[in-house]
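A quick write-up on the structure given underneath.
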Amino acid sequence: MTKPIWIKHTAQLATLASEVKGPRSKEKMSELGLIEDGSVWIEDGIVQAVGTTKELEERFADKVHEAEIVDASNHLVTPGLVDPHTHVVYGGSREREFEMRLEGTSYMDIMNAGGGIHATTRMTREATEEELIDQTKRRLDSFFSQGVTTIEGKSGYGMNLETELKQLRVMKKLQEQHAIDIVPTFMGAHAVPPDFKGREDEFVNQLIDEMLPVVAEEKLAEFNDVFCEKGVYTPEQSERILEAGKRFGLTPKIHADEIEPYGGAELAAKVGAISAEHLLKASAEGIKAMAESGTIACLLPATALYLREEAAAGRRMIDEGVSVAISTDCNPGSSPTTSMPLVMNLACISMRLTPAEALTAATYNAACAINRQENVGSLEVGKQADIVMWNVKNYQELQYLFGVNHVKSVWKKGVKVV
């Protein structure tokens, strides 16, 4: 049994606790459960009590001498950040494509010429499992340094059974080897392999008949994702893949309406997807359908910035009742970053989220987007002690001072990792 940890005298404690137990929308996204001069008492990696310093001082008077005491004076304390959309396991790098885009070549033109996702697929196929583990560990360490304690990870840089399984097995091994929590998503439908060009339906059949059964049998993923986009997978093909995944017990997610309006948001609502990702070009009808279905919008402002595109309509989505989460979209081509603090800043600057909404989108709603809200995303009794102490005094300052990593300390399940 480890020593209790008492984090006390916070300048501000943002617990994210609320009576709302599902994903939060509209004004509920501004409810941060703030406590001035707050305290958190932790035992065996679990939050045992949350309240004012005075309240916990009285409650644990007979145990204070046993505790490791952390003085959080002049600091903001929040739940660990949750990143609900990453492609964290991949081989190689694509810095040359960054230069090409600056010279005027579009993202889709690069991909159609064999670059983009296809380039990373080649490098991921060539990498050994051990090489992928080593590369991914460095990214996971970087996530910790940015205050992120739980991530989702997608396959999708294989597009054949062998490499898709390799990516998912790497995540499974890293879940055992690394302290961060990794939630796995199967995304065999990330692009159409070049050798299936013109025979897309054949590859869809292969995904459904050959890949999904093995992924499900080995219990390597919880979610099933597809890139529904013109030139990639049609809404009809995407629906087939997502419905097939449901039959194998995999919850649908969808990359939707990133490049142009394509009915992806509407499809997300139709199939009951837990989240729809990107949504830069989502239609008014699609936004309305997502609000009605309860599908979470997982928005990726760093990707829009990196591709020099207009960000998704986050303000409009919240106002219309869509629950919004935000993510780095960590990947080698369109968002090579692990900085969720920057993503929160960009959510305010480019999508007009308020500082409170951005924090909710990066914690509790992000946890809901990967079905982890019972364990992480808020500081409440019985949940994991995933906690960040920041070198700022309040949540407004966290979003105001942008482009700076304000992390002072990070605890994962009560163990200090930063």
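Okay, here's what the table says:
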quantity	calculated
DSSP-defined beta bridges in the chain - what % are antiparallel, rounded to 5	45 percent
Kirkwood hydrodynamic radius over Cα pairs of the range 282-408, then Stokes diffusion coefficient at 25 °C and 0.890 mPa s, in µm²/s	162 µm²/s
Sequence ranges 146-153, 316-323, 126-133, ranked by mean other-Cβ count within 10 angstrom, highest first	146-153, 316-323, 126-133
The range 83-211 - Kirkwood radius from inverse mean 1/r over Cα pairs (Å)	15.5 Å
Reference-scaled alpha-carbon Rg (2.2 N^0.38 Å with N residues) for the range 197-256	1.06
Within-15-Å neighbourhood charge of K26 [Cβ basis; K, R +1; D, E -1]	-1
Given charges at Cβ of Lys, Arg, Asp, Glu: the chain dipole, positive-most of T105, I182, M211	I182
Values of log10 I(q)/I(0), in the order q = 0.15, 0.18, 0.20, 0.24 Å⁻¹, for the range 248-309 under a Debye, Cα-only, solvent-free model	-0.40, -0.56, -0.67, -0.89
Alpha-carbon gyration tensor eigenvalues x 5, square-rooted, for the chain, Å	36, 22, 20
Net length gained if the chain between E217 and D201 were fully extended (0.36 nm per residue, minus Cα distance)	3.4 nm
Rounded D (µm²/s) - the range 28-67, Kirkwood Rh over Cα pairs, Stokes-Einstein at 4 °C, 1.567 mPa s	115 µm²/s
Along each principal axis, Cα extent of the range 1-51, largest first, Å	41, 24, 10
HN-Hα J in Hz across the range 217-224 - Karplus 6.51, -1.76, 1.60, θ = phi - 60°, x for Gly and Pro	4, 8, 6, 9, 8, 10, 10, 10
Expected-Rg normalisation [2.2 N^0.38 Å, Cα atoms] applied to the range 155-299	1.01
Largest to smallest principal axis extent of the C-alpha atoms in the range 36-90, angstrom	50, 25, 15
Selected from S350, S334, A61, residue furthest toward positive end of dipole (the chain; charges at beta carbon)	A61
Summed residue charge, Cβ within 9 Å of E277's Cβ, Lys/Arg positive, Asp/Glu negative	-2
Reduced Cα scattering model of the range 1-117, Debye log10 I(q)/I(0), q = 0.18 Å⁻¹	-0.92
Computed Kirkwood radius, in angstrom, where 1/r is averaged over Cα pairs of the range 307-374	12.4 Å
Karplus 3J(HN,Hα) series, Hz, for the range 49-66 with 6.51 cos²θ - 1.76 cosθ + 1.60 (x for Gly, Pro)	7, 9, x, 6, 4, 4, 4, 6, 4, 6, 5, 10, 3, 7, 10, 4, 5, 7
Net charge over other residues, Cβ less than 13 angstrom from the Cβ of A325 (K, R count +1; D, E count -1)	-2
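Just so you know, all these numbers are worked out from the coordinates, no wet-lab data involved. The structure displayed is predicted, hence computed values, not measured ones. So basically every Cβ, Gly included, is an ideal-geometry build from the backbone, and we count neighbours across all protein chains shown.
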